[in-house]
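Okay, so here's the structure we're looking at.
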Amino acid sequence: MAIATLDRAAKKGVTAVQEYALISGRALSNLFRRPFYGADIFTQADIIGVGSIPIVILTGFFTGGVLALQSASTLAQFGAAAVTGQLVSFSMIKELGPVLTSLMVSGRNASGMASELGSMMVTEQIDAMRALGTDPLKKLVMPRIVATVVMLFFLTIISDAIGILGGAAVSVFLLGQDSSQYFHNAYQSLRYADLVQGMVKPLIFGLIIATIGCYYGMTTRGGTQGVGRSTTQAVVVSSVLIIASDFVISRFMIGIFGR
Amino acid sequence: MSQAAVAPEIPQRTDDEPAVVFEHVSIGFEGKSVLDDISFTVKPGETRVLLGPAGVGKSVLLKMADGLMRPDTGRITVFGEEISSMPEQQLFALRGRIGIVFQEGALFDSLTVRDNVAYRLIEERIPEEEINQRVVEALRFVELEHTLDKFPSELSGGMRRRVAIARAIVSRPDLLLYDSPTGGLDPITSTTIIELVIKQRDVYHTSSLLVTHRLQDAFVLASHRFNREANKMEPLPEGQSDPQTSFLVLNEGKLVFDGSTHELVHSDDPFLKEYLS
């Protein structure tokens, strides 16, 4: 009995991975096939990118601020409070900017994609689209993947910049540090490898958010309850994958660049 | 490369070529058989009414006829093309000749009635002027030309179903698939929908496969014709039925009846007798 249950669970898991790979692969291969849904990409870029700017700005600002607040007191014990700017910029660009921005976008958009596509699945709108001669992977999934990857890249840059500004605001106005020293340290200590690391991550995370959101949406079953389940799963799975893949990418990048 | 260039050539239907052929088709889900060894044919201009209790697999069968689901075994041929193993890209081209009305209409809720009906034409990059003309024509057929700018949520259930019919016929298909077009509607609205199906059958002679579990609708379809002068349906003389309309009955995954209205009514099969009573 237990073996049969394990067997079923394993088969279900393998099928899910296979289905995920097929949906993502087919959607991406459609990128270079006509018709090209450029207008849909722009619409999604507006929803995903422009719509996420407020939460990304707020998250970035307060993360940079709290990072400066917490680290300054520890650094002061070693007489190194002057490198607060360096610590904030390093942390924001290499880790917190990409990861927190992705988690925010995941919470907002992976759920949105799963619920929107899920609702279309349970009301047979996806089947209707196929019956009307349109490939839903091309019309619905591909634009969401492209828009998320591109927009998350720029949202991360905004988050990094705002985070460093947030750290500066705390360092200068609350901790009484010198602003030019903060920005000098923040800028001078950065190397090409740090920027590459910070810029590669949102591309991967964007792919994770969009493909997971669309996968759960496109495989929704079981009416409105199923839509709710897909939405929750999309956020949980994409968040966990973002954090897990962040570790793998960081280790890989450190291996390549040595920092 | 344009899509037109990669789209396969679909051979035009000859007069006697069946629109749909199912040959020993079976399908199951999670190890449970749903349809078992189903074989039947839909001839050109013929309307086949698929009856059966709820949950017997009627919608699954209809979706397989449009290539939206694939059988586990057996062959499905539509206009001479075997679709059971046809790649999805080729199916998109073939579906240009098929119109389908889904159970709940399946209208795109974020698009207006005009854009819903025009969807296929917009995707095919047809000139705007022609799209508008054909959309109005299709909506006039279902008597809803005044709803162009409304969203599906602003329409009643019956109106949504009529818009779905307009969307299915706007491309002038050679085959129409109706999935319980009257499901969940009140008797008066159901009659309006069936009248449209009869109108499509008698005016355009489109081959069609209609799924329903409502016997009353099925018999109205068989016993009425559309009067073009009066622009309404009327009953056929007593004892007559439409020769182009015949029945298929599913029960427990098997096709238990395939024949004319007369044969169905006079069948000695115990299940059919009980089902029809």
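Each Lys or Arg adds one and each Asp or Glu subtracts one; over the other residues with Cβ under 11 Å from the Cβ of A:Met151, this totals 0. The alpha carbon gyration tensor of the protein assembly as shown gives principal lengths a ≥ b ≥ c with a/c of 1.5 or higher and a/b greater than b/c, which makes the shape prolate.
Calculate, for A:Arg221 and B:Ile188, the FRET efficiency according to 1/(1 + (r/R0)^6) with r their C-beta to C-beta distance and R0 30 Å; round to the nearest 0.05. That pair, A:Arg221 with B:Ile188, gives E of 0.30.
About its Cα centre, the dipole of chain A is roughly 640 debye, where the only charges are +1 on Lys and Arg Cβ and -1 on Asp and Glu Cβ.
Counting helices only, and only those DSSP H runs with n ≥ 4, report the 222 nm mean residue ellipticity of the protein assembly as shown as the sum of -39,500 (n - 2.57) divided by its residues, in deg cm²/dmol to the nearest 500.
Working: 21 runs with 291 residues, N = 536.
Mean residue ellipticity at 222 nm (helix-derived): -17500 deg cm²/dmol.
Nearest 0.05, what FRET efficiency do A:Arg191 and A:Lys11 give at R0 = 30 Å with Cβ-Cβ as r? E(calc), rounded to 0.05, equals 0.05. Checking every one of the trypsin sites (Lys or Arg not before Pro) in segment A:126-218 against DSSP loop status and a limit of 15 other Cβ atoms within 10 Å picks out A:Arg191.
Sparsely packed loop sites in segment B:28-97 (the GluC sites (Glu not before Pro) outside DSSP H, G, I, E and B with at most 10 other Cβ atoms within 10 Å) comprise B:Glu30.
Of A:Ser189, A:Ser115, A:Ser159, the residue with the greatest mean-square motion in the GNM of chain A, using alpha carbon springs below 10 Å, is A:Ser189. In a reduced charge model with +1 at each Lys and Arg Cβ and -1 at each Asp and Glu Cβ, the protein assembly as shown shows a dipole moment near 1740 debye about its Cα centre.
The loop-placed trypsin sites (Lys or Arg not before Pro) in segment B:88-194, going by DSSP, that have at most 12 neighbouring Cβ atoms within 10 Å of their Cβ come out as B:Arg125.
Based on the alpha-carbon gyration tensor of chain B and its eigenvalue square roots a ≥ b ≥ c, which shape applies: rounded if a/c is under 1.5, prolate if not and a/b is larger than b/c, or oblate? Because a/c hits 1.5 or more and a/b fails to exceed b/c, chain B counts as oblate.
Averaging Cα coordinates gives a centre for segment A:220-259 and one for segment B:54-97; these two points are 36 Å apart. Ordering A:Phe42, A:Ala68, A:Leu58 by Cα displacement along the dipole of chain A toward the positive end leaves A:Phe42 in first place; charges were set at the Cβ atoms of Lys, Arg (+1) and Asp, Glu (-1). Counting only DSSP beta bridges with both residues in the protein assembly as shown, the antiparallel share comes to about 60 percent.
So, counting K/R as plus one and D/E as minus one, what does the shell of residues with Cβ under 15 Å around A:Gln197 add up to?
Combined, the nearby Lys, Arg, Asp and Glu give +1.
For chain A, the longest principal axis of the alpha carbon atoms and the long axis of helix A:142-169 meet at an angle near 20°.
Going by the alpha-carbon gyration tensor, a ≥ b ≥ c the square roots of its eigenvalues, is segment A:1-100 rounded (a/c under 1.5) or, if a/c is not under 1.5, prolate (a/b greater than b/c) versus oblate? Display every interim value, and only then the final one.
Values: a/c = 3.63, a/b = 1.57, b/c = 2.31.
Because a/c hits 1.5 or more and a/b fails to exceed b/c, segment A:1-100 counts as oblate.
Select from B:Met86, A:Gly107, B:Thr147 the residue farthest towards the positive end of the dipole of the protein assembly as shown; place +1 on Cβ of Lys and Arg, -1 on Cβ of Asp and Glu, and compute about the Cα centre. Working it through, the farthest residue towards the positive pole turns out to be A:Gly107.
Quick note: the coordinates plus some simple rules give every number you see, no bench work behind them. In this text, all values refer to a predicted model and were calculated from it rather than measured experimentally. FYI the Cβ positions are ideal-geometry reconstructions off the backbone, even for glycines, and counts take in every protein chain you see.
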